[in-house]
């Protein structure tokens, strides 16, 4: 079943991020940041299926070059807390082909370019080797200023203002859902997505008088498993398949997701049977069959016939699954204290690592030998990538706070050096403390 996801984030200088670094990482390229005098080399990054840039008609040639575009975006902003880029993260339907997903991402990026007059840098990523293999997604970095023949000009205030930003994002969320559904339909697939919450979808169905559809939407939303739990559940499914047994979730999150999917499948089956029963009842009444006889025929369609035994068994398994989930939840509560302690230790280790990597990163900036500085920074980037895998988080979850902390360390060192110089001048001039 196709899943919907669209999130919008910003690249802010105030947290130590740059548009050049973000673009290099997402496209898997090596870009030099002219403003900072640093090189961001992510050419070893894997899983990048495609990367391309879209610009408005009449845009300068340099805007189609990744380094030229994002260095211009950095140079255009002068404030230390500027937002230099905006990122649109999209989940791409796994049901589509590689070419279909690329075309869909390109069409949405073009819609952003046409609507706001900005440049869009698109990177298509394959699922992580240890994650959900349906997790095809795209990162679209867009400029925060309009791109014209004169270069980067006015800010896209409509996306920033409190009164209009939320409405604009919601409109684009709706457009993304429409574009996905159109692509799925053209591919001859039945899967569809909806950007609205389950509650909003349910209320809309009730307003249309579709009580049966509303019934299927009266369920819990599906949560995200996360990398660690997803890897454990994938292993459990493989083992069950090899042993020829039913898959049983091995984590609490896995049990919740499995339960929601079972519930969704059962409700869809129930809806299909109820629609069939209603049609049989209506046809019987139109043929002048008595209400009792028509109801009997409808009941047979609902509770007997092909698949009825499997249908009932599915409800039984769902109940047993709920009970098993309750027992697992109780066991999880008993071990919660140990888990909280483990996570606290892990978080402390991550904080310590961020502090260490931040100091090492600032040290590398102060190395006068450029080649030695670049080599040291590449080694530190490798350490951060390995740490992100170890801590089960994204690269940016470590790199962003480490960059911010490195900038703080730089300022502290500059201030300490200035104070030392002041004291030295005071002593040379014969001043007393």
Inter-probe distance in nm under a simple model that places probes 7 Å from Cα toward Cβ, at residue 365 and residue 137: 2.8 nm
Calculated FRET value between residue 235 and residue 378, using beta carbons and R₀ = 41 Å, to 0.05: 0.75
Stretch gain in nm, segment residue 126-residue 299, where the contour uses 0.36 nm per residue and the Cα spacing is subtracted: 57.5 nm
Inter-label distance for residue 413 and residue 62, nm, one decimal - labels placed 7 Å from Cα along Cα-to-Cβ: 3.1 nm
Range of Cα positions in the range 22-147 per principal axis (Å), largest first: 43, 32, 26
q = 0.12, 0.14, 0.18 Å⁻¹: log10 I(q)/I(0) that the Debye formula gives for the range 107-189, counting C-alpha atoms only: -0.48, -0.63, -0.92
At R0 = 22 Å, FRET efficiency that the Cβ-Cβ distance of residue 199 and residue 3 yields, to 0.05: 0.80
Euclidean distance between Cα centres, the range 390-418 to the range 21-49, Å: 18 Å
Linear extension gain, residue 36 paired with residue 15, 0.36 nm per residue minus alpha-carbon span: 6.1 nm
Contour excess over end-to-end distance, with Cα ends at residue 99 and residue 171 and 0.36 nm allotted per residue: 23.3 nm
The range 342-428 - Rg and Dmax from Cα coordinates, angstrom: 16.1, 55
Label point distance in nm, residue 290-residue 207, each placed 7 Å from Cα along Cα→Cβ: 4.4 nm
For peptides 75-85, 91-101, sequence by mean Cβ density within 10 Å, most packed first: 91-101, 75-85
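Every number here is computed from the coordinates shown, using simple stated rules; none is lab data. Since this is a predicted model, take the numbers as computed values, not measurements. Quick reminder, even Gly has a Cβ in these numbers, built from the backbone with ideal geometry, and neighbours come from all protein chains shown.
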